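> Here it is: the structure, laid out below.
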Amino acid sequence: MTRAPETTPSTSEQALERAVFNEQGLLPAVIQQWDTGEMLMLGWMDREALRRTLTEGRVTFWSRSRQEYWRKGDTSGHAQYVRSAALDCDADTLLVRVEQIGAACHTGTRTCFDGDPIEVVQGRVPGEPEPGA
Ligand SMILES: [Zn+2]
């Protein structure tokens, strides 16, 4: 039996309670443009960064290299305004849907995944026609 999908959102207190942080006390946060579905970037949050993100309307990360909190856009103007958030099935990854102003990547590209595509062997669903057929 599968359970009916959970429809009542958790409060931020419940999410902070349930979130599972890794051995460094951090949680990976996937940041997605809320309306287009673009994958913008991935950052890390400790409990305090998660609390700020869920309660302040702006995405806050923990910088592992600088050992400090940072809010996207405070220096660049490329802010991320929170629209919704969800923990994954085992509560160890966060998805934040945002309105991204300008570039999400510090290199100036719209997303962190724009600059380095990789050639892959594409899989085809059984029965799917050959490309160009
Ligand atoms: Zn980037």
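> How many residues, within segment 15-39, are assigned to a strand (DSSP E or B) and surrounded by fewer than 18 Cβ atoms within 10 Å (Cβ to Cβ)?
3
> Just checking, which of R66, R47 is touching a helix residue (DSSP H, G or I) at 6+ places or on another chain (Cβ under 9 Å) and either surrounded by fewer than 20 Cβ atoms within 10 Å (Cβ to Cβ) or farther than 14 Å from A85 by Cα (or both)?
Result of the check over R66, R47: R47.
> Go over the candidates T107, T53 one by one and state the one that is β-branched (V, I, T) and in contact (Cβ under 8 Å) with a residue 24 or more places away in the chain.
Unique residue meeting the criteria: T53.
> Does any residue in segment 111-123 that is within 18 Å of Q33 (Cα to Cα) come within less than 6 Å, Cβ to Cβ, of a residue that is surrounded by 10 or more Cβ atoms within 10 Å (Cβ to Cβ) and of a type in the set (G, A, S) six or more places away or on a different chain, and which pairs are these?
T111/A104
> Taking T36 as the residue in question, decide whether it is more than 16 Å from the ligand (Cβ to nearest atom), without any contact (Cβ under 8 Å) to a residue 12 or more places away in the chain and of a type in the set (S, T, Y).
yes
Readers should treat all values here as calculations from the given coordinates under stated rules, not as data from a laboratory. In this text, all values refer to a predicted model and were calculated from it rather than measured experimentally. All Cβ positions, glycine included, derive from the backbone under ideal geometry; neighbour counts span all protein chains shown.
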